[in-house]
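One structure is given below, encoded as structure tokens.
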Amino acid sequence: MRYKNISDCHSHSNCSFDGTRNMRDMCMNAIEMGLVYYAVTDHCECNQYMNVPHIPGGRYYDVVRQSYAELLQNQERFPNLKLLRGIELGQPLQDLNAAHDALTGRDYDVVIGSLHNIRDHDDFYHIGEHNPTEQEIDNALHAYFAESLEMVEWGKFDTLAHITYPLRYMCKAGETPSYKPYQDELDAVLKALIKSDIALEFNTSRILRTDAPKLPDREVYSRYKELGGKLVTIGADAHRTENIASGVEEAMELLSDIGYKEYTVFVERKPVQVPIE
Ligand SMILES: [Zn+2]
Ligand SMILES: [Zn+2]
């Protein structure tokens, strides 16, 4: 480890349909790695709240309750780990009642806002499987920025997840996509974040992968800084123990190179700045 203050503020236990390990194992790995803060942020896809397509009979309604109960258990089990109680709230605008239910009655440290699919469309993950044309990609990105902006204006979350998510799947390995053609739309989202004191996440899940497109991280985080943005959370989006904090040091290095001295974590939904060192 090159840095001493390493945290990971985005990860999934097997409460998430795509998580592979139980929360206890995830926490044990985080302790072994000496993380300063560690957040488990299981999925809650608001647009599928009462019907998880991947799990017969599954409901995110139950997942959020199960995951939160396990967060409390593991906080008790590992008193020396700064385990943050998190949730990844997907597509909140597509079912506001679900979003409200998910956030009511539980004291989260950090609520991650995500957009995995635009309204009436498949997850970008699946769009990518159909070899989209340039026109389809362009249309999807315009819609993505529009709905992201709406989400930030709604604002009931602490950090906006993986802003380059569509590019992961709609572009191919070896490509180096850019958000330059969407500068105005990107700027509108970044400015809205800054105005609302919502952080911008640096999702590191692709940073070390050679079988993925090269995401325009430097471009996005430099622009955010230029516009006055100060709150960047870092998360590896691990779905298995071995990916915890993967790429976090590379993100810290890039942020430091751009001029950031600190990154952000949320504790009881308030930003805490941690020195990049
Ligand atoms: Zn996500
Ligand atoms: Zn995630």
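So the values come out like this:
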{"read-out": "With all protein chains modelled, accessible area of residue 178 [1.4 Å, Å²]", "value": "40 Å²"}
{"read-out": "Mean residue ellipticity (222 nm) of the chain, computed from DSSP H runs ≥ 4 via -39,500 (n - 2.57), nearest 500", "value": "-11000 deg cm²/dmol"}
{"read-out": "Reciprocal mean inverse distance between Cα atoms of segment 61-123 - Kirkwood radius, Å", "value": "12.9 Å"}
{"read-out": "Heavy atoms of residue 196: accessible area, 1.4 Å probe, square angstrom to 10", "value": "60 Å²"}
{"read-out": "In sequence order, calculated HN-Hα J values of segment 230-241 (Karplus, 6.51, -1.76, 1.60; Hz; x Gly/Pro)", "value": "10, 10, 10, 8, 10, x, 8, 6, 5, 10, 8, 4"}
{"read-out": "Semi-axis lengths (Å, descending) of the ellipsoid that matches the C-alpha gyration tensor of segment 23-275", "value": "26, 22, 18"}
{"read-out": "The chain, accessible area per residue, ligands and nucleic acids excluded (1.4 Å, Å²)", "value": "44 Å²"}
{"read-out": "Residue among 139, 29, 47 with the largest mean-square fluctuation in a Gaussian network model of the chain, springs linking Cα atoms under 10 Å", "value": "139"}
{"read-out": "Protection proxy ranking of 244-252, 75-83 - average other beta-carbon atoms within 10 Å, highest first", "value": "244-252, 75-83"}
{"read-out": "The chain, accessible surface, carbon-and-sulfur percent (1.4 angstrom probe)", "value": "46 percent"}
{"read-out": "Near-label residues of segment 207-236 by backbone N, under 18 Å of a point 7 Å along Cα→Cβ of residue 1", "value": "234-236"}
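The values are calculated or read from the model by the stated rules, or taken from the named source; none is laboratory data. These numbers were taken from a predicted model, which means no experiment stands behind them. Note: ideal-geometry Cβ built from the backbone for every residue, glycine included; neighbour counts use all protein chains shown. The area values use the complete protein model at the heavy-atom level, side chains included, leaving out ligands, DNA and RNA. Shrake-Rupley method; radii C 1.70, N 1.55, O 1.52, S 1.80 Å.
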